[in-house]
1. Which cross-chain or sequence-distant (5 or more) residues have an amide H under 5 Å from the amide H of residue 164, H modelled 1.01 Å from N in plane?
2. For the cross-link pairs 64/263; 8/258; 96/169; 22/109, which exceed 27 Å when the distance is taken from alpha carbon to alpha carbon?
3. Counting other Cβ atoms within 10 Å, keep those with at most 14, restrict to DSSP loop, and tell me which GluC sites (Glu not before Pro) in region 21-72 are left.
4. Excluding same-chain residues fewer than 8 positions from residue 279, which aspartates and glutamates have a Cα within less than 17 Å of its Cα?
5. What's the extension gain from residue 113 to residue 172 if we count 0.36 nm per residue and subtract their Cα-Cα distance?
6. Of 57, 172, 73, which is the most mobile in a GNM of the chain whose springs link Cα atoms less than 10 angstrom apart?
7. Where nothing but the Cβ of Lys and Arg (+1) and of Asp and Glu (-1) is charged, how large is the charge dipole of the chain around its Cα centre, in debye to the nearest 20?
8. Quick one: 3J(HN,Hα) in Hz for region 125-131, Karplus 6.51/-1.76/1.60 with θ = phi - 60°, rounded, Gly and Pro as x.
Amino acid sequence: MSNKKHKKVVLAILSNAGGSGKTTLATHLAYELARCKVGHHPCSVGLLDLDPQGSLSLFCGLEKPSTAEKSISSVLSDDFSGDWPLVPCWTEFGLKVEVGQSLQQPLLKTADDLVNHPRGPYLLADNLQDYPLTHDVIIIDCPATLGRLNLAALAASTHILIPIQLEPKSASGAAELLQFYFIECRRLRLEPYPQIMGIVPNQYRSDQAIHNEILEQLPTIIRQLQLPDAYCYPTIRFSYEFSNASGAGLPLHLYRKKHPACKDFAKLASDLTALVGAK
């Protein structure tokens, strides 16, 4: 990797509910960004898997790492010396995307160890500063909990996206997550707070009355959460083809490039490329 200068964007995808589409969002945004250029070079993307479920390996078509030392757990330790355990994916398509994979048991143990570590919440941020990655954008896929790994992601990030399902519990879940965000940013003394780019309504089905009802209420809900209306992104529709694509280790754009859901990421990708100065 080159030592080019660029504006660094570290995007954490946060949700406190399983099945909200975090990994789908992470991989598809990585694909969209990697198709762009920053100046005269292709945009490079780093994907960091802080979710013990390790779904990024599947979604990116990668074998699980053979040891904890080859997983993202090695970064969250005092022994880390700057050798980031990243592996490339989708290289046959000419894309510059690298993945820091997770292994469930080592990462769960790491999360427990962070509780008693004096720099626990800051370890990822510390190592990104001490041993900086040269990617234009780093995307962190976070666990569906409000625990120590999410604190590490929060302290390391410059921006945040919050995917939600259009289900009755979504509003209360989003409120709880935002309470976590404001309380922990203040407690961790983050300066500045990572910017909340927006809430992303995910797995939308236009034939479901409850989805349409909640979608109509979202602007009001967002105002109640003291976030401006602009924070509500267009919906990402439900499609079984997302599951088929992830099973093949590909974003939908490479699995079925003419599928209409490919266009659902356009606004998000446009905003992210503007942040990093990509075209």
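What follows is calculated from the coordinates using simple rules that are stated; it is not laboratory data. Remember, it's a predicted structure, so these values are computed and weren't measured experimentally. All Cβ positions, glycine included, derive from the backbone under ideal geometry; neighbour counts span all protein chains shown.
1. Those qualifying (amide H under 5 Å, at least 5 residues apart or on another chain) are 200, 202.
2. Working: 64/263 30 Å; 8/258 32 Å; 96/169 37 Å; 22/109 22 Å.
As for pairs spanning more than 27 Å Cα to Cα, those are 64/263; 8/258; 96/169.
3. Working: sites: 32, 63, 69; in loops: 63.
Loop-located and lightly packed - 63.
4. Straight-distance partners of residue 279: 32, 136, 271.
5. Details: separation 59, 0.36 × 59 = 21.24 nm, distance 2.99 nm.
Contour length minus Cα-Cα distance gives 18.3 nm.
6. 172
7. Working: 26 positive and 27 negative charges, 159 e Å.
Charge dipole, the chain, about its Cα centre: 760 debye, nearest 20.
8. 4, 4, 6, 5, 7, 6, 10
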